[in-house]
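Quick notes on the structure that follows.
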Amino acid sequence: MSRAEKAFEIAREIYSEHGVDAAKAIDILDKIPISIHAWQGDDVKGFESTGHSLTGGCQVTGSYPGCARNSEELRADLELALKLIPGTSRVCLQGHEVDVMFPGVDRDAFTIDNFAGWLNWSKERGIGMDIAPAYYSHPKLDHGLSLSHPDPGIRRFWINHGKAIRRVAEAFGKAQGTPSVCNQWAPDGFKDTPADKLSPRIRLKEALDEMFADVIDEKYELDCVEPKLFGIGVESYTVGSNDFYLMYAAKANKLMCFDSGHFHPTEDVGDKISAVVAQQGRMLLHVSRGVHWDSDHVILLNDELLRIARETVRCCNGGTNIYICLDYFDASINRIAAWTIGARNMRKALLIALLEPYNELVQLEQNWDFTGRMAHSEMSKALPWTDVWQFYCEKNGMPDDYAMMEPIRAYEKKVLLNRD
Ligand code: RNT
Ligand code: ZN
């Protein structure tokens with residue numbers, strides 16, 4: 001018996017005293033998909049080779065060497081990260097992280113052919129692909145507006161981009177046998193408060209209606225909508241606000257997406273999950289970490305992440321129907337480490353949530369014993385989840401947290417430092 005197995009046996013015993021089946025928890029954990037956001041690897045630059053810089057109120061800071069310069073390099077980098085992230089991983093793309101460009105074909109006319117390398121790779125590796133249109137970093141994002149622009153020509157371009165990426169998602173979905181999650185986030189907004197707040201929102205609503213008028217089977221593609229509070233240079237008014245999209249998602253029966261960087265720092269995204277799930281039964285999470293603003297820092301195993309994971313597990317029957325995608329980008333540290341540390345933290349948080357003695361807590365609550373509930377919830381923080389995690393990693397043939405950096409350092413030396 002390995003040390004991890006021995007420790008797990010003891011931990012399992014302790015958990016079973018609290019009515020928790022630790023072996024079952026890791027079985028469930030292993031199957032919860034986490035979509036790894038490709039854009040951590042290329043600093044959200046995309047591969048259109050048009051030289052457009054990142055716009056739309058987002059910013060990647062740092063200049064760590066080794067940023068992926070094309071889709072092939074990005075896939076190679078992802079492969080190492082995926083070898084170090086236990087459990088079911090998917091990969092999510094932005095709509096400009098194309099594999100190839102064709103002369104004269106802009107974003108409004110992209111097809112699955114522009115993503116051929118991704119399609120082949122995902123088929124070979126058995127990886128599920130998700131994708132989101134990119135309504136930013138392009139000259140047609142004019143005066144900060146895309147789908148809500150007053151000029152019908154500009155609006156048309158972006159509606160067609162949305163339609164095009166939904167079809168790309170459909171093609172991924174058909175190939176992989178699971179729906180490709182297609183998330184709509186548009187940066188539209190203003191630095192200062194506009195006189196007319198209504199018209200852009202009406203135009204956004206109409207643009208979305210038109211884009212979604214193409215009916216695509218949810219077996220292949222799932223539409224989501226993502227609100228935001230503000231971006232850099234877009235501080236006073238965001239067309240696609242939380243209230244806008246809550247209503248839109250409810251009416252159009254689309255999945256709501258909560259990005260944990262998109263709310264006021266004192267708002268609790270964990271608390272919002274049950275509000276949406278009670279109405280719609282399903283949603284998408286973009287897991288990020290905002291520091292003072294939507295800074296997209298690598299997610300840490302902190303209270304916010306634990307609250308999100310807990311509600312994910314409690315609201316949705318072991319995580320099904322709550323789709324999880326990571327969404328952060330840090331260019332000041334090794335990008336593969338950024339993927340791996342963040343994704344492992346997400347999975348750890350889910351494990352901690354799965355191991356919580358939930359039934360005990362609910363029972364105390366139902367008996368109106370709030371003192372007992374507090375005592376128990378504090379006590380559960382000291383249960384030996386780390387032993388279960390170690391065992392889970394070993395069982396999956398994954399290095400533990402201490403050994404994880406070694407292959408990343410080796411790859412950095414061999415590959416990343418040789419890119420300019
Ligand atoms: C932007 C949104 C969006 C991201 C892009 C890359 O604030 O979070 O979901 O995909 O930033
Ligand atoms: Zn997001």
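Does any residue in the range 173-187 that is in a strand (DSSP E or B) come within less than 6 Å, Cβ to Cβ, of a residue that is within 16 Å of ligand 1 (Cβ to nearest atom) and among the small types (Gly, Ala, Ser) six or more places away or on a different chain, and which pairs are these? Sorted first by the residue in the range 173-187, then by its partner, the pairs are Ser180/Ala169; Cys182/Ala169; Asn183/Ala132. Could you check Lys251 against (1) within 16 Å of ligand 1 (Cβ to nearest atom); (2) within 20 Å of Gln184 (Cβ to Cβ); (3) of a type outside the set (Gly, Ala, Ser) and say which number it fails? For Lys251, the failing item is (1). Of the residues Leu354, Leu350, Leu383, Leu361, the single one that is touching a Ser or Thr at 6+ places or on another chain (Cβ under 9 Å) and either within 16 Å of ligand 1 (Cβ to nearest atom) or farther than 20 Å from Arg90 by Cα (or both) is Leu361.
Consider only pairs whose beta carbons are under 9 Å apart and that are at least six residues apart or on different chains; among these, list those whose first residue lies in the range 321-337 and is under 14 Å from Leu305 (Cβ atoms) and within 16 Å of ligand 1 (Cβ to nearest atom) and whose second residue is of a type in the set (Phe, Trp, Tyr) and not in a loop (DSSP other than H, G, I, E, B). Taking only residues 6 or more apart or on different chains, the pairs are Leu326/Trp339; Asp327/Trp39. Write out, first by first residue and then by second, each pair whose Cβ atoms fall under 7 Å of each other, whose residues are 6+ apart or on separate chains, and whose first residue, in the range 259-276, is farther than 16 Å from Arg310 by Cα and without any contact (Cβ under 8 Å) to a residue 40 or more places away in the chain while the second is within 15 Å of ligand 1 (Cβ to nearest atom) and outside any loop (DSSP other than H, G, I, E, B). As it stands, the answer is His262/Asp294; Phe263/Val269; Pro265/Gly290, since those pairs meet every condition given. One residue alone among Ile308, Ile299 is in contact with a helix residue (DSSP H, G or I) (Cβ under 9 Å, 6 or more places away or on another chain), within 15 Å of ligand 2 (Cβ to nearest atom) and in a loop (DSSP other than H, G, I, E, B), and that residue is Ile299. Does the range 259-282 include one or more residues that are among the aliphatic types (A, V, I, L, M), in contact with a strand residue (DSSP E or B) (Cβ under 8 Å, 6 or more places away or on another chain), part of a helix (DSSP H, G or I) and more than 16 Å from ligand 2 (Cβ to nearest atom)? Yes - at least one qualifying residue is present in the range 259-282. Of the residues contained in the range 54-74, one or more are found to be closer than 28 Å to Glu226 by Cβ, in contact with a strand residue (DSSP E or B) (Cβ under 7 Å, 6 or more places away or on another chain) and surrounded by fewer than 23 Cβ atoms within 10 Å (Cβ to Cβ). Residues of the range 191-231 that are of a type in the set (A, V, I, L, M) and surrounded by 15 or more Cβ atoms within 10 Å (Cβ to Cβ): Leu204, Ala207, Leu208, Met211, Ile216, Leu222, Val225, Leu229. Taken over the range 79-128, the criterion of being under 21 Å from Ile324 (Cβ atoms) and within 16 Å of ligand 1 (Cβ to nearest atom) is satisfied by Arg90, Val91, Cys92, Leu93, Gln94, Gly95, Glu97. Scanning the range 313-347 for residues that are part of a helix (DSSP H, G or I) and away from ligand 2 (no atom under 16 Å from the Cβ) yields Val313, Arg314, Cys315, Arg335, Ile336, Ala337, Thr340, Ile341, Arg344, Asn345, Arg347. Selection within the range 43-78: residues that are closer than 28 Å to Asp142 by Cβ and of a type in the set (A, V, I, L, M). The member of this set that is farthest from the chain's Cα centre (by Cα) is Leu54.
Counting only residues that are within 16 Å of ligand 2 (Cβ to nearest atom) and not basic (Lys, Arg), the range 207-238 holds 12 of them. Ile131 meets the conditions (1) away from ligand 1 (no atom under 16 Å from the Cβ); (2) surrounded by 14 or more Cβ atoms within 10 Å (Cβ to Cβ) in every case but one. The failed one is (1). Taken over the range 364-384, residues that are within 21 Å of Ile14 (Cβ to Cβ), loosely packed, with under 14 Cβ neighbours inside 10 Å and either among the charged types (D, E, K, R) or touching a strand residue (DSSP E or B) at 6+ places or on another chain (Cβ under 8 Å) (or both) amount to 2.
To keep it simple, each residue is scored yes or no on (1) free of Cβ contacts under 8 Å to residues at least 12 places away in the same chain; (2) touching a Phe, Trp or Tyr at 6+ places or on another chain (Cβ under 9 Å); (3) at negative phi; (4) of a type in the set (A, V, I, L, M, F, W, C).
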| residue | (1), (2), (3), (4) |
| --- | --- |
| Ala7 | no, yes, yes, yes |
| Lys24 | yes, no, yes, no |
| Ile32 | no, no, yes, yes |
| Trp39 | no, yes, yes, yes |
| Asp43 | no, yes, no, no |
| Gly46 | no, yes, no, no |
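In the range 91-111, which residues are more than 16 Å from ligand 2 (Cβ to nearest atom) and under 20 Å from Arg156 (Cα atoms)? Gly104, Val105, Asp106, Arg107, Asp108, Ala109, Phe110, Thr111, listed by residue number. Within the range 170-206, restricting attention to residues that are away from ligand 2 (no atom under 16 Å from the Cβ) and aliphatic (A, V, I, L, M), the residue that is farthest from Gln94 (Cα to Cα) is Ala195.
Residues that are within 15 Å of the chain's Cα centre (by Cα) and at pLDDT below 95: does the range 295-316 have at least one? The answer is no; no qualifying residue exists. The single condition from (1) surrounded by fewer than 17 Cβ atoms within 10 Å (Cβ to Cβ); (2) under 23 Å from the mean Cα position of the chain (by Cα) that Asp113 fails is (2).
The values are calculated or read from the model by the stated rules, or taken from the named source; none is laboratory data. Not measured: the values here are computed from a predicted model. Cβ sites come from the backbone with ideal geometry, for glycine too, and all protein chains shown count toward neighbours.
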